[in-house]
Amino acid sequence: MGAAQANEHGGRVAVITGGSGGIGATMAERLRDCGAVVHGLDVQPSKSPGVYFHRVDVGDEANVDAAFDAIDKSAGRIDYLVCCAAIYRPASFLKLSPEDWDETLRINLTGYFLCCRAALRLMRPQKFGRIVLFSSMVARTGGGNCAHYAASKGGVLGLARSLAIESAAENIRVNVVSPVITDTPMPRAVLSDEEMESRKSRIPLGRIGSTGDMADACLFLLSNDSSYVLGQDFRVNGGSALW
Amino acid sequence: MVASDPRVTVVTGGGSGIGRATAIRLARRGDVLCLCDVSATGLKETAALVESERGRVLTGIVDVRNQGQVRAWIAEILERFDKIDCLFSNAGVNARSTVAEMTLAQWSLLIDTHVTGTFNFCQAVLRSMVERRTGAIVITSSDFAVVGVPNAANYCAAKTALYSLTKSLALEFAPYAIRVNAIGPGPIDTPLLRAGRTPEEYENARRAFESRLPIKRLGQPEEVAAVVDFLLSERAGFMTGQLVQPNGGQVIW
């Protein structure tokens with residue numbers, strides 16, 4: 001474990017989906033450094049020391065339920081759920097195969113549903129829970145070659161808002177973070193360095209988002225400082241979409 | 001912990017409610033507070049609370065609608081502290097009426113105080129922020145920037161204008177690394193919520209809010225102050241032009 005600080009996150013039990021890479025890994029490490037007990041769900045092993053790794057396909061119901069059961073057995077509770085697990089396979093609309101459509105929705109949207117449901121089963125009886133779901137700027141703006149991805153991320157907004165209303169009276173807060181392009185392996189797998197650089201010029205604050213930017217917003221939404229914030233979408237995008 | 005070079009933060013409407021709670025919170029994190037209001041009594045009370053947190057405070061009786069007064073006070077702050085790091089443009093009033101019965105004075109009071117007042121303050125502080133290529137501004141808009149409500153057309157129009165102003169400022173000043181965001185509080189237990197309502201009307205309104213809100217309670221000014229603190233800080237360093245709504249789930253779109 002990293003140097004645990006005395007703070008409100010110390011001892012909290014957190015589950016991060018997509019916890020082995022990109023924003024999820026940064027978030028897992030941030031919470032670990034605050035003294036939280038962090039469980040990362042992913043298909044790739046975690047490289048973060050001190051984060052408990054569970055190999056999980058988040059779109060598989062039995063797989064998800066088994067992982068949450070195991071966490072419940074070892075930790076006895078879940079305080080935070082952060083959903084980051086997602087896939088992005090760019091394809092122009094007429095070349096978009098039903099398989100890629102289904103797989104994107106299965107991981108990016110059904111995966112969130114399954115993990116939220118499993119977490120809420122534990123959060124409701126304990127009358128405490130904080131959930132942050134990662135959507136994307138393209139949920140609002142749309143974009144080329146990403147109809148399936150945008151649809152899945154738009155679905156996340158509807159899911160989050162409904163869950164926020166349904167869970168608020170039980171002291172469970174659900175919010176969203178919508179990043180713009182962030183410097184992670186996901187966009188770098190499909191964009192060249194030049195393309196990454198050209199994206200920067202479209203962002204008013206003049207830089208690509210970092211995983212730390214997203215983790216800062218997520219940590220705020222998990223903390224007591226956001227006690228009156230629920231059902232909201234934090235658009236951490238350097239000013240590139242103001243709606 | 002107080003930084004060796006503390007931030008200098010201007011708060012308008014610092015004499016009560018959200019402005020007061022924010023001043024106290026920012027004093028605890030070491031900011032030098034420059035507070036203005038039209039209420040001398042409220043201002044004095046907030047200043048005493050800030051000082052009890054060992055905060056440094058400068059106060060000014062300023063009518064935000066008066067550009068000359070605003071410029072003179074900002075000049076005084078710059079003269080004294082040499083910089084302004086943050087502005088929380090928060091001064092507000094209310095004058096409830098149906099549109100049919102609304103006087104021009106009721107309309108103008110809200111537009112001038114909220115919209116022109118914020119324009120005056122932003123223009124005054126941005127000159128020095130641009131020179132230093134740094135700064136953060138938070139503007140108090142409202143959930144009513146997004147939805148309409150009866151008996152508050154002046155308030156809704158003013159708060160929507162503030163959201164638009166926020167977005168334009170954000171884009172205009174992003175190249176100077178200056179961030180501008182708005183907050184859209186829901187029903188917060190402040191003097192403004194009571195303004196224009198009899199005690200009985202306030203109680204009825206409170207009950208109606210609480211039953212309708214997903215979170216089933218009014219918000220406290222300190223809960224909004226925490227959001228303002230976040231948006232002014234580097235933790236929100238990649239957020240600009242956004243409306244962030246501490247509103248108990250009242251409006252979630």
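The values are calculated or read from the model by the stated rules, or taken from the named source; none is laboratory data. Everything numeric here is computed off the predicted structure, so don't read it as measured data. Quick reminder, even Gly has a Cβ in these numbers, built from the backbone with ideal geometry, and neighbours come from all protein chains shown.
Would you mention how many residues in the range B:1-49 are β-branched (V, I, T) and at pLDDT below 95? Counting residues in the range B:1-49 that are β-branched (V, I, T) and at pLDDT below 95 gives 1. Considered as a group, the residues in the range A:96-134 that are closer than 13 Å to A:L163 by Cβ, outside any helix (DSSP H, G or I) and without any contact (Cβ under 8 Å) to a residue 60 or more places away in the chain include one that is farthest from the chain's Cα centre (by Cα), and that residue is A:G129. Sub-8 Å Cβ pairs linking a first residue in the range A:150-171 that is assigned to a helix (DSSP H, G or I) to a second residue that is surrounded by fewer than 20 Cβ atoms within 10 Å (Cβ to Cβ) and at pLDDT below 95, at least 6 apart or interchain, are A:A150/A:G143; A:R161/B:W253, ordered by first then second residue. Among the residues of the range B:220-232, are any in contact with an Asp or Glu (Cβ under 7 Å, 6 or more places away or on another chain), assigned to a helix (DSSP H, G or I), of a type in the set (G, A, S) and facing chain A (nearest Cβ under 9 Å)? Looking through the range B:220-232, at least one residue is in contact with an Asp or Glu (Cβ under 7 Å, 6 or more places away or on another chain), assigned to a helix (DSSP H, G or I), of a type in the set (G, A, S) and facing chain A (nearest Cβ under 9 Å).
When the range A:222-235 is limited to residues that are within 7 Å of chain B (Cβ to nearest Cβ) and part of a loop (DSSP other than H, G, I, E, B), the one that is nearest to A:D183 (Cα to Cα) turns out to be A:Q232. Taking the conditions (1) surrounded by fewer than 24 Cβ atoms within 10 Å (Cβ to Cβ); (2) at the interface with chain A (Cβ under 10 Å from one of its Cβ atoms) in turn, B:Q242 satisfies each one other than (1). Applying the condition of being among the hydrophobic types (A, V, I, L, M, F, W, C) and more than 9 Å from chain B (Cβ to nearest Cβ) to the range A:198-221 and asking which residue is nearest to A:M123 (Cα to Cα) yields A:L221. Scanning the range B:117-136 for residues that are surrounded by 17 or more Cβ atoms within 10 Å (Cβ to Cβ) and assigned to a helix (DSSP H, G or I) yields B:G117, B:T118, B:F119, B:N120, B:F121, B:C122, B:A124, B:V125, B:L126, B:S128, B:M129.
Here B:D5 fulfils each of the conditions (1) acidic (D, E); (2) touching a strand residue (DSSP E or B) at 6+ places or on another chain (Cβ under 9 Å); (3) not in a helix (DSSP H, G or I) apart from (2). Among the residues making up the range B:209-219, those that are under 19 Å from B:T190 (Cβ atoms) and more than 7 Å from chain A (Cβ to nearest Cβ) are B:F209, B:E210, B:R212, B:L213, B:R217, B:L218.
Based on this model, can you work out whether B:A174 counts as in a helix (DSSP H, G or I) and under 20 Å from the mean Cα position of the chain (by Cα)? Reasoning before the result, please.
Details: in a helix (DSSP H, G or I): yes; under 20 Å from the mean Cα position of the chain (by Cα): no.
For B:A174, the condition - in a helix (DSSP H, G or I) and under 20 Å from the mean Cα position of the chain (by Cα) - is not met.
Do we have any residue at all in the range B:14-23 that's part of a loop (DSSP other than H, G, I, E, B), within 21 Å of B:A136 (Cβ to Cβ) and without any contact (Cβ under 8 Å) to a residue 12 or more places away in the chain? No, that holds for no residue. Within the range B:131-144, residues that are closer than 19 Å to B:I252 by Cβ have Cβ atoms under 6 Å from residues that are hydrophobic (A, V, I, L, M, F, W, C) and part of a loop (DSSP other than H, G, I, E, B) in these pairs: B:D143/B:V251, counting only partners at least 6 apart in sequence or on another chain.
The residues on offer are A:G206, A:G212, A:G238, and the sole one that is in a loop (DSSP other than H, G, I, E, B) and surrounded by 16 or more Cβ atoms within 10 Å (Cβ to Cβ) is A:G238.
Quick check: anything in the range A:177-188 of a type outside the set (D, E), surrounded by fewer than 22 Cβ atoms within 10 Å (Cβ to Cβ) and facing chain B (nearest Cβ under 9 Å)? Looking for residues that are of a type outside the set (D, E), surrounded by fewer than 22 Cβ atoms within 10 Å (Cβ to Cβ) and facing chain B (nearest Cβ under 9 Å), one finds none in the range A:177-188, hence no. Restricting the range B:188-208 to residues that are within 20 Å of B:V244 (Cβ to Cβ) and more than 10 Å from chain A (Cβ to nearest Cβ) leaves a set whose member that is modelled with the lowest pLDDT is B:L192.
If you go through the range B:11-50 and keep only what is charged (D, E, K, R) and within 19 Å of B:F121 (Cβ to Cβ), you end up with B:R20, B:D31, B:D37. Taking the range A:47-95 as the range and being surrounded by 15 or more Cβ atoms within 10 Å (Cβ to Cβ), in a loop (DSSP other than H, G, I, E, B) and polar (S, T, N, Q) as the test, only A:S48 passes. Whether any residue in the range B:204-211 is of a type in the set (A, V, I, L, M), assigned to a helix (DSSP H, G or I) and surrounded by fewer than 18 Cβ atoms within 10 Å (Cβ to Cβ) is what I want to check. Looking through the range B:204-211, at least one residue is of a type in the set (A, V, I, L, M), assigned to a helix (DSSP H, G or I) and surrounded by fewer than 18 Cβ atoms within 10 Å (Cβ to Cβ).
Go through the residues of the range A:160-176 one by one and say whether even a single one is more than 8 Å from every other protein chain (Cβ to nearest Cβ), over 19 Å from B:R179 (Cα atoms), within 15 Å of the chain's Cα centre (by Cα) and of a type in the set (G, A, S). The answer is yes, given that some residue of the range A:160-176 is more than 8 Å from every other protein chain (Cβ to nearest Cβ), over 19 Å from B:R179 (Cα atoms), within 15 Å of the chain's Cα centre (by Cα) and of a type in the set (G, A, S).
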